[in-house]
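A.B. asks: Questions regarding the structure given below will be posed in turn.
The values are calculated or read from the model by the stated rules, or taken from the named source; none is laboratory data. These numbers were taken from a predicted model, which means no experiment stands behind them. Glycine also receives a Cβ, built like all others from the backbone with ideal geometry; neighbour counts cover every protein chain displayed.
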Amino acid sequence: MGSHYAMAFSGFIIVLGLMGLTLFLLKKLMSKMNQNFSNEKRINIIETFYLDPKRKLVLVQLDNKQHLLLIGGANDIVVEKNIEPKTIKKEIEQEIAKIKDNDKNN
């Protein structure tokens with residue numbers, strides 16, 4: 001009777017191992033397919049600024065435009081879109097000041 005449990009347990013371990021191996025191989029295959037599909041990334045995270053433990057500003061570049069996102073809290077918000085890369089630093093500082101002022105008032 002004990003050998004039946006041992007055989008069932010070994011079969012279970014073998015099946016788990018095969019499932020893990022299949023998952024690993026699928027992930028490798030999918031990553032290779034994504035690399036072959038496009039060698040150039042269209043989206044990049046340029047900068048991240050943490051406002052508090054829940055919220056952060058994220059500057060994302062998509063193609064040749066940058067977008068400023070406020071992530072966290074109740075909603076995620078597009079603060080500004082289609083920003084030219086050279087003017088972004090000043091705008092980020094202004095947005096941070098606005099958000100901090102709003103926090104002080106609340």
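A.B. asks: Does the stretch 13-35 include one or more residues that are under 30 Å from ASN102 (Cβ atoms) and modelled with pLDDT under 90?
C.D. replies: no
A.B. asks: Scan (1) modelled with pLDDT of 90 or more; (2) assigned to a helix (DSSP H, G or I) for the single condition ILE45 breaks and write down its number.
C.D. replies: (2)
A.B. asks: Tally up the residues in the stretch 62-76 that are under 16 Å from TYR50 (Cα atoms), part of a strand (DSSP E or B) and at pLDDT below 90, please.
C.D. replies: 0
A.B. asks: Is there a residue in the stretch 63-72 that is among the small types (Gly, Ala, Ser), touching a Lys or Arg at 6+ places or on another chain (Cβ under 8 Å) and assigned by TED's automatic domain parsing to the domain that holds ILE99?
C.D. replies: yes
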